[in-house]
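Participant: Dropping a structure here in structure tokens format, bear with me for questions.
Bear in mind that the values in this text are calculations on the coordinates, not laboratory data. In this text, all values refer to a predicted model and were calculated from it rather than measured experimentally. Here the Cβ is made from the backbone with ideal geometry for all residues, glycine too, and neighbour counts use every protein chain on show.
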């Protein structure tokens, strides 16, 4: 069975004062059978990893460079993330693809770098509103999956996050039927590509909140969530984690 995971992507949010939320979150969990991951800005990663050491929660990075070291000013390698205590790294988020022009090939290289460093890669996929309205969404996300999965990917080192671009930070959420259709297509593609494709966790992301989490987690092939703004506080994130534990 795929692992259930509630992953919090803090994006470019959080100063050191935000660390106060971690104690409350760690005290409220573990939730039975649910992994909880916090991906803070790189400036906070070492402190978050230290704060979560000995708890049921883990820390991850939001991005990594494909190379292990070198003349790449401002970049962070997967090995550096692992050295700080990260267990996972997000790759190919739509904001990286849009703001930094990351192609599927770049995402695959970064995911491969994560594997090289012993990290689990969370590979993000998702279509725009125009692509969905043109009924191109399934071909778009399955093509992204094909191009973004590196050689050696498996359920042990890779997680997929389906995040329709039009639902990220907009307050819009894909309906259960839309989520089911996309996750079923991704599951079928994973099973065709990987021997253990049936065991790869597929997360949903896109304005997931406490009041819609239970409905989302009731959809087939939804194994958790990649949560943005609602992961910044214990009060907002805990209801999502509890809903996943009860799903």
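Participant: By the gyration tensor of its Cα atoms, with a ≥ b ≥ c the square roots of the eigenvalues, what is the shape of the stretch 127-247: rounded for a/c under 1.5, prolate for a/b over b/c, or oblate? Spell out each step's value before the answer.
Facilitator: On the way: a/c = 1.89, a/b = 1.30, b/c = 1.46.
Cα axes put the stretch 127-247 in the oblate bin.
Participant: Based on the Cβ-Cβ distance of residue 170 and residue 71, what FRET efficiency does E = 1/(1 + (r/R0)^6) give at R0 = 45 Å, to the nearest 0.05? Before the final figure, lay out each step's value.
Facilitator: On the way: r = 38 Å, r/R0 = 0.84.
Between residue 170 and residue 71 the formula returns 0.75.
Participant: Which of these, 197, 169, 54, has the largest mean-square fluctuation under a Gaussian network model of the chain (Cα springs below 10 Å)?
Facilitator: Comparing 197, 169, 54 in the GNM, the peak value goes to 54.
Participant: For the stretch 1-100, build the convex hull from the C-alpha positions and give me its volume per residue in Å³.
Facilitator: Details: hull volume 11.4 nm³, N = 100.
That works out to 114 Å³ per residue.
Participant: How high is the relative contact order of the stretch 41-179, given as a whole-number percent (alpha carbon pairs under 8 Å, six or more residues apart)? Numbers along the way, then the final one.
Facilitator: Values: 216 pairs, mean separation 29.1, N = 139.
That works out to 21 percent.
Participant: Reported to two decimal places, what Rg/Rh ratio describes the stretch 112-183 when computed on Cα atoms with Rh from the Kirkwood expression?
Facilitator: On the way: Rg = 13.5 Å, Rh = 13.2 Å.
Across the stretch 112-183, the Cα-based Rg/Rh ratio is 1.03.
Participant: Per-residue ellipticity at 222 nm for the chain, helices alone: DSSP H runs ≥ 4 residues times -39500 (n - 2.57), over residue total, nearest 500 deg cm²/dmol?
Facilitator: My calculation for the chain gives -11000 deg cm²/dmol from helical runs alone.
Participant: Just to confirm my numbers, what's the Cα centroid distance between the stretch 192-238 and the stretch 89-114 in Å?
Facilitator: Using only Cα atoms, the two centres lie 20 Å from each other.
Participant: When the Kirkwood radius is taken over all Cα pairs of the stretch 175-246, what Stokes-Einstein diffusion coefficient follows at 37 °C and 0.692 mPa s, in µm²/s?
Facilitator: Details: Rh = 12.7 Å.
My calculation gives 259 µm²/s for D.
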